[in-house]
Amino acid sequence: MEKLIINGPTPLKGEVNISGAKNSAVAILPATLLIDGVCTINNVPNIMDVKLSCQILEGLGAKIKWIDKNSIEIDTRNITNTIAPIDLTRKFRASYYLIGSMLGRKKEIEVGLPGGCNLGARPIDQHIKGFEALGAEVEITGGNVRATAKHLIGSNIYMDIVSVGATINVMLASVLAEGTTIIDNAAKEPHIVDIANFLNTMGADIRGAGTDMIKINGVKSLKGGQSYSVVPDQIEAGTFMLAAIASKGDLIIKNCITKHLECITAKILEIGGNVDMNGDKLRVWCDKRPSKAIIKTLPYPGFPTDLQPQMGVVLSLAEGTSIINESIWESRFQYTNELNKMGAQITAQGKSAIFEGVTKLSGASVYSTDLRAGAALIVAGIAAEGRTEVYNLEHIDRGYENIEEKFRNIGADIVRVVE
Ligand code: EPZ
């Protein structure tokens, strides 16, 4: 078993480069199934979820060639299977994008019900509603999802809930459908725009991504023959921004889209931190104890749920009493038990948590319960006094590229060891 050992506290200082967005890459890779050709994807984060996605694509007949550690050439001319490697699809959430892509490409697909972080109930009813509106039949049996269609025909689809996954999945299924599809009450996250840009680069006709109404005019085929670069990871950038604040450090965060970080910047400024945006980089620093805040997680451009645990670390060290209301996931406060082992004073109940700010955290052995919880515990370990051991690294490795190396390069005393 691997663990991270962190000795703190260390004020983080220096420059960090942001990788391509995980949640974009895990949708763009299945989206290549819509292409009858070859394409190259650059700025791909080298993480477990991407490696799994590649294995699944290979299981369906795609040919994958890693050009370097962040670029992949994908040949999807010969897609032979319509049953995805079931065990692999159960390992992560984004395998649900195979349904939209393969419905478009082959009108048929079977995948395992998607797994991923345990954040409470994660239904896919809005995905299914969209596929059915386009003319597909979807059946869930024996823990698998099987979707088939004779024809896919464009439709007007109103999403009952703002869902990132359902918006992308229905967009994927409608790219090669006959006629026009309109997705109303669509999610607006940066990676939705990124998937639409990728598909348009390959020959699709998608308009309005990034607004709450997306219009997809079906095209006959996607030919590929192009390269595309994945957008920088908003959540990785936000994780380092909050690490700078929690550790009272001073960081330059490079290769990011500062517009995507405005929702985080606003809260950092409110609690007394500093942010200076400059082109594709920003400086974040903090030289005093942050002050309390009230946070509610919301779909983009609201405060992202995927930065809620990292913000929780900052607020556990802030002056005064803070409140976080988690409005997206039922069960995203599991990390607070671990932070309390480090001396935090957090009371979490249902979808709310109260943070009585403490002046210091102390090192302890802690367990990541999911991906962002794991990132938050690393940040806490860097800010805490003494030795912290973080376990269950498989969650963290799913979504962060070289996380300990990136933190070490900005001064953290962090090593990975095999126990
Ligand atoms: C995506 O999950 C991300 N995952 C999550 O990132 C992120 O937390 C989430 O969006 C919200 O931003 C990927 O992109 C792979 P949703 P997704 O559909 O698409 C409910 C991380 O740490 N809902 O926007 O699965 C759902 O239960 C992860 O990187 C339905 O009720 O999230 C939730 O309450 C974790 N029915 C809300 O909508 C549906 O059919 C938003 O979920 C779909 C969703």
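Listing for the model above:
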{"quantity": "Any hit, the range 276-291, residues being part of a helix (DSSP H, G or I) and either out of contact with any Pro (no Cβ under 9 Å at 6 or more places or on another chain) or not hydroxyl-bearing (Ser, Thr, Tyr) (or both)", "calculated": "no"}
{"quantity": "Enumeration of residues in the range 358-376 that are within 16 Å of Arg387 (Cα to Cα) and out of contact with any helix residue (DSSP H, G or I) (no Cβ under 8 Å at 6 or more places or on another chain)", "calculated": "Lys360, Ser362"}
{"quantity": "Residue list for the range 55-87, restricted to those being within 23 Å of Asp370 (Cβ to Cβ), surrounded by fewer than 19 Cβ atoms within 10 Å (Cβ to Cβ) and of a type in the set (A, V, I, L, M, F, W, C)", "calculated": "Ile86"}
{"quantity": "Verdict on Leu172 being closer than 22 Å to Ser95 by Cα, modelled with pLDDT of 95 or more and more than 15 Å from the ligand (Cβ to nearest atom)", "calculated": "no"}
{"quantity": "The range 112-130 - residue that is touching a helix residue (DSSP H, G or I) at 6+ places or on another chain (Cβ under 6 Å) and at pLDDT 95 or above and, of those, farthest from the ligand (Cβ to nearest atom)", "calculated": "Gly130"}
{"quantity": "Candidate set from the range 216-239 (those that are away from the ligand (no atom under 16 Å from the Cβ) and charged (D, E, K, R)); member that is surrounded by the fewest Cβ atoms within 10 Å (Cβ to Cβ)", "calculated": "Lys220"}
{"quantity": "Qualifying residue in the range 144-159 (condition: surrounded by 16 or more Cβ atoms within 10 Å (Cβ to Cβ) and aromatic (Phe, Trp, Tyr))", "calculated": "no"}
{"quantity": "Test for Gly203: is it at positive phi and in the same structural domain as Val138 (by TED's automatic domain parsing)", "calculated": "yes"}
{"quantity": "Members of the range 12-41 found to be farther than 24 Å from Ala187 by Cβ and in contact with an Asp or Glu (Cβ under 7 Å, 6 or more places away or on another chain), listed by number", "calculated": "Lys13, Val38, Thr40"}
{"quantity": "The range 253-266: number of residues that are out of contact with any Phe, Trp or Tyr (no Cβ under 7 Å at 6 or more places or on another chain) and not in a helix (DSSP H, G or I)", "calculated": "4"}
{"quantity": "Whichever residue in the range 284-323 is more than 16 Å from the ligand (Cβ to nearest atom) and hydroxyl-bearing (Ser, Thr, Tyr) and, among such residues, is surrounded by the most Cβ atoms within 10 Å (Cβ to Cβ)", "calculated": "Ser316"}
{"quantity": "Residues within the range 350-368 that are over 14 Å from Val313 (Cβ atoms) and within 16 Å of the ligand (Cβ to nearest atom), tallied", "calculated": "3"}
{"quantity": "Selected residue (only one of Gly154, Gly59, Gly104, Gly143 is at positive phi, more than 16 Å from the ligand (Cβ to nearest atom) and over 19 Å from the mean Cα position of the chain (by Cα))", "calculated": "Gly143"}
{"quantity": "Subset of the range 324-341 [within 15 Å of the ligand (Cβ to nearest atom) and not hydrophobic (A, V, I, L, M, F, W, C)]", "calculated": "Asn325, Glu326, Ser327, Glu330, Ser331, Arg332, Gln334, Tyr335"}
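Results for (1) among the aliphatic types (A, V, I, L, M); (2) away from the ligand (no atom under 16 Å from the Cβ); (3) more than 18 Å from Glu2 (Cα to Cα), shown as yes or no for each residue.
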site: Ala348; (1), (2), (3): yes, yes, yes
site: Gly386; (1), (2), (3): no, yes, yes
site: Tyr391; (1), (2), (3): no, yes, no
site: Arg398; (1), (2), (3): no, no, no
site: Ile410; (1), (2), (3): yes, yes, yes
site: Val418; (1), (2), (3): yes, yes, no
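The values are calculated or read from the model by the stated rules, or taken from the named source; none is laboratory data. Given the structure is predicted, the values throughout are model-derived calculations rather than measurements. So basically every Cβ, Gly included, is an ideal-geometry build from the backbone, and we count neighbours across all protein chains shown.
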